[in-house]
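Data first, discussion second: the structure below is written as structure tokens.
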Amino acid sequence: MDSPTIRIAMPALALYVFYWGICLAPPADEDDTEPGALTFVETRKLIASSREMIDQKNFPKALEQTLRLNTAYPQNHIYLLQLGIIYRNLGRYPEQAAALEKYVLYSPTPVEACPDFGQVYLKLAKIDQARQAFEKCLSFDPDNVDSLFFLAHFFERHGGAAKAEELYAKGVGLSPGYTDMQLGLARMKLRKGEAATALNVGKKVLGKNPDNTDALLVAGLAADYLGDRGAAKEYVLRGLKLLPDNDDLRSAFDRLRGRRRP
């Protein structure tokens, strides 16, 4: 799936933390001796250093520094989001989930945790929690097309075809040019046997982006459904040349190759 890039870019996030972290986390006094307390100077240095470590992709060191900030300011949403991103890059998904749960609790802009908030539970094979997280993401802004897409895609993959079609259709209505939303709706139409509609969508997307592998798969499956096996193979083979290890394209190709003519 050619998913939209909606995650916060690492350098941009680090810059945001650098400029706003101090304001959102009031520093302790110089003589504050409580465990975990940081002075203004210490806080500023940790913010700058953690920013540098993230930019350098030195995530273990960035984690060490961000944990110190989080210990001093446990409800600061910026440090919680930064922890979530660091844990994701370290492959520590239970800790990422815990950080994002706290982020959506304390942040004035909880949608910034999405779609990672739902995707981390998919990585942990916690399907119910993933659904709840994607639904919560959409609740933050019911017209957010990215949240609509990821919830629709969740239902598509986990047995909720009717709900997926409803959400994809709403997303297309809100953002007609959203390619992934168009293709998601086309896949739902194809499931209902509306292959001509799905093929038309696939062709339109390919007219603008010939290398869109999702569109190639949709077009291939639709062409096969309509009996045009030659076109179906052509679409699927083009997709496999671009993504040789894609399971959906490989499965479609194996099915087409193994089928005998009547």
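The values are calculated or read from the model by the stated rules, or taken from the named source; none is laboratory data. What you see is a predicted model, and the numbers here were worked out from it, not measured in a lab. Ideal geometry is used to build each Cβ from the backbone, glycine not excepted, and the neighbour counts take in all protein chains shown.
Structure summary
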read-out	value
Matching helices (runs of 4 or more DSSP H) fully within the range 138-232 where at least 3 residues are touching a helix residue (DSSP H, G or I) at 6+ places or on another chain (Cβ under 9 Å) and farther than 28 Å from residue 127 by Cβ	195-208, 213-225
Complete set of residues in the range 50-81 that are more than 21 Å from the chain's Cα centre (by Cα) and not in a helix (DSSP H, G or I)	56, 58, 73, 74, 75, 76
Among (1) buried (at least 20 other Cβ atoms within 10 Å of the Cβ); (2) touching a residue at least 24 places away in the same chain (Cβ under 8 Å); (3) under 26 Å from residue 232 (Cβ atoms); (4) not assigned by TED's automatic domain parsing to the domain that holds residue 236, the one test that residue 179 misses	(1)
Of all residues making up the range 27-72, the number that are modelled with pLDDT under 50 and not polar (S, T, N, Q)	7
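Residues are listed down the side, and each one gets a yes or a no for (1) surrounded by fewer than 19 Cβ atoms within 10 Å (Cβ to Cβ); (2) in the same structural domain as residue 188 (by TED's automatic domain parsing); (3) under 23 Å from residue 91 (Cβ atoms); (4) in contact with a Pro (Cβ under 9 Å, 6 or more places away or on another chain):
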{"site": "130", "(1), (2), (3), (4)": "no, yes, yes, no"}
{"site": "140", "(1), (2), (3), (4)": "yes, yes, no, yes"}
{"site": "149", "(1), (2), (3), (4)": "no, yes, no, yes"}
{"site": "152", "(1), (2), (3), (4)": "no, yes, no, no"}
{"site": "157", "(1), (2), (3), (4)": "yes, yes, yes, no"}
{"site": "163", "(1), (2), (3), (4)": "yes, yes, no, no"}
{"site": "168", "(1), (2), (3), (4)": "no, yes, no, no"}
